[in-house]
Amino acid sequence: MGSMIGSGIFIVSAEIAREVNSPALLLIAWLVTGFLTVTGALAYGELAAMMPRAGGQYVYLRESLGPLWGFLYGWTLFLVIQTGTIAAVGVAFGKFLGFFFPSISSANWILHIAKVPPIAIGPMVLGNMDVGLNTQNLVAIVMIMALSVINMFGLKTGALIQNVFTIAKVSALSSLVILGLIFGRNPQAVASNFTEFWRNAGLHAHHLVQVGIGGPVAMVGTLTILAVAQVGSLFSADAWNNVTFTAGEVKSPSRNLPLSLALGTGVVILLYMACNIIYLNILPLEGDPHGATVMARGIQYATEDRVGTAVMQQMFGPTGAALMAVAILLSTFGCNNGLILAGSRVYYAMAKDGLFFRGVAKLHPRYKTPATSLAVQAAWTSILCLSGSYGQLLDYIIFAVLVFYILTITGLFVLRWKRPDAPRPYRAIGYPVLPAIYIVFAVFIDVVLLRYKPQFTWPGLIIVLIGIPVYLLWSRVSRTNANCESINLWEERRTDD
């Protein structure tokens, strides 16, 4: 729960609302995300109970589909998924800190490195983004570095921070829902959103979607626009698998990992659905980007997409908005602590298998934490913070995330066939129907994102494919080093004799 609840639930509903332009489709988008998240977690519960080892999903792919697939996951996790998520949450932290300090903004450049020009490839437009250091991503980098250093001082330190901030953020979300139920009902918003609740939601309705940033506009159907809208909601519900990365340090993992996956995802999805219902009861979905008031801007054009603060401002004025901004700062801080703690364990596991830099396999001599792994992760994440805005980072992440969720759940089917008699303290609920539905849904979303969100999805796919020759090279070097060590050991023994 601590890794899942970050910035997304307070921001992405604005983007989803602009895309679907329908109160019903806004909630359906979150329902689809909820179904996929809980179904995925139930499937992962079986794998986690079977193989409670450090590295989690990396281990599941290695054991089910082979070491290449485990490496490709770890490679993409490092270059795109985990580090990109940490970067996006860090940028969101800066976005909300800008509520109190307006000088912290994505438009306030310290060093503008380049404006990547638009590159037209058929109907797609790649590039067209600014790269450099602004005050918003500087805040993100400082936060990431600080949390990485804190997590070097032992698992208990990181876990204590995680527990405190998880309690704070769950309390904040719950308070938003309760306060919204008691004080928030706005007759104007209710009439706007629920009188024609199903507008633009028919299967034959048409929706506008822009193909890439600055690209052409296309007309798509309802199912396609729902798939496009999943970028934000899936990101908000992602990182539920992070608990499996630390499986080697979890007590009674065969019991506690499936339990935490099921309960954690279930509670978070319920909170997310409740929050979006509250949003629709307090603010109209549609709005004017140039509106002078919170109500005039609506959900679609909440200032800086900060829907959570807009809702609290509508209920309690500037004080409510400030309280929500503080709650979100706590939420993003705690979220990134969990992501940083968990991700470093995967690169550590890969290095021990000889598939990552050997130094990353070293533990801190005193605190027994993967300190080198934490440092390497922090360095690359800081570079990603310079590479784009919050929304662009989401596109960058979700496509690659889904690719490996599809592969891992496919691995569940493979292991049922290859190892039918292996101990399974927990068996996936709904197998094989629910995992199969997950795969079909996720494949459809990924195909749609390749077509209509090409800005980072194609680079994400290319990064995955580049991992294949890198794996072959790394495996060869690892075997050569292992042979050299064996020869040296044999020579030492012969000399001793």
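Numbers at a glance
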{"read-out": "Accessible area of the chain divided out per residue, in Å², using a probe of 1.4 angstrom", "value": "40"}
{"read-out": "Lysines whose Cα lies under 18 Å from that of Lys95, excluding same-chain neighbours fewer than 8 positions away", "value": "Lys169"}
{"read-out": "Neighbourhood net charge (13 Å Cβ-Cβ; Lys/Arg +1, Asp/Glu -1) for Leu285", "value": "-2"}
{"read-out": "Proximal lysines relative to Lys453, as straight alpha-carbon distance under 21 Å, when same-chain residues fewer than 8 apart are discounted", "value": "Lys115"}
{"read-out": "Selected from Trp30, Gly343, Ala296, residue furthest toward positive end of dipole (the chain; charges at beta carbon)", "value": "Gly343"}
{"read-out": "Dipole magnitude of the range 37-182, debye to nearest 20 (Cβ charges: Lys/Arg +1, Asp/Glu -1, about Cα centre)", "value": "160"}
{"read-out": "Relative contact order for the chain, counting Cα pairs under 8 Å that sit 6 or more residues apart, in percent", "value": "31"}
{"read-out": "Total formal charge among the other residues, if their Cβ is under 11 angstrom from that of Trp69, Lys/Arg +1 and Asp/Glu -1", "value": "0"}
{"read-out": "Interchain or long-range residues, amide H under 5 Å from Met129's placed H", "value": "Val116"}
{"read-out": "Charged-residue dipole, Cβ positions (Lys, Arg, Asp, Glu), the chain about Cα centre, Debye nearest 20", "value": "860"}
{"read-out": "Förster radius 51 Å - calculated FRET efficiency between Met219 and Lys368 (Cβ-Cβ, nearest 0.05)", "value": "0.35"}
{"read-out": "For a label point 7 Å along the Cα-to-beta-carbon line of Thr293, residues of the range 311-354 with backbone N under 16 Å", "value": "311-318"}
{"read-out": "Apportionment of accessible area to carbon and sulfur, the range 265-361, percent (1.4 Å)", "value": "63"}
{"read-out": "The chain - mean residue ellipticity at 222 nm from DSSP helices (-39,500 (n - 2.57) per run, n ≥ 4, rounded to 500)", "value": "-23000 deg cm²/dmol"}
{"read-out": "Accessible area of the range 405-466 belonging to carbon and sulfur atoms, whole % at 1.4 Å probe", "value": "77"}
{"read-out": "Cα→Cβ-extended label distance, 7 Å offset, between Ile182 and Arg424, nm", "value": "4.7"}
{"read-out": "Cα gyration tensor shape for the range 137-227, rounded if a/c is under 1.5, else prolate or oblate", "value": "oblate"}
{"read-out": "Neighbour net charge for Thr309 - beta-carbon separation under 14 angstrom, K R +1, D E -1", "value": "+1"}
{"read-out": "Total charge dipole magnitude, the range 291-393, about the Cα centre, Cβ charges on Lys, Arg, Asp, Glu only, Debye to nearest 20", "value": "520"}
{"read-out": "Rounded percent of accessible protein surface that carbon and sulfur make up, the range 19-162, 1.4 Å probe", "value": "75"}
{"read-out": "All lysines inside 29 Å of Lys418 as judged from Cα atoms, apart from same-chain residues fewer than 8 positions distant", "value": "Lys251, Lys352"}
{"read-out": "With at most 11 neighbouring Cβ atoms within 10 Å, loop trypsin sites (Lys or Arg not before Pro) (DSSP) excluded, longest segment of the chain", "value": "1-250"}
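The values are calculated or read from the model by the stated rules, or taken from the named source; none is laboratory data. Remember, it's a predicted structure, so these values are computed and weren't measured experimentally. Cβ atoms come from the backbone with ideal geometry, glycine included; neighbour counts cover every protein chain shown. Just so you know, the surface numbers come from the protein's heavy atoms only, side chains and all, with ligands and any DNA or RNA stripped out. Shrake-Rupley method; radii C 1.70, N 1.55, O 1.52, S 1.80 Å.
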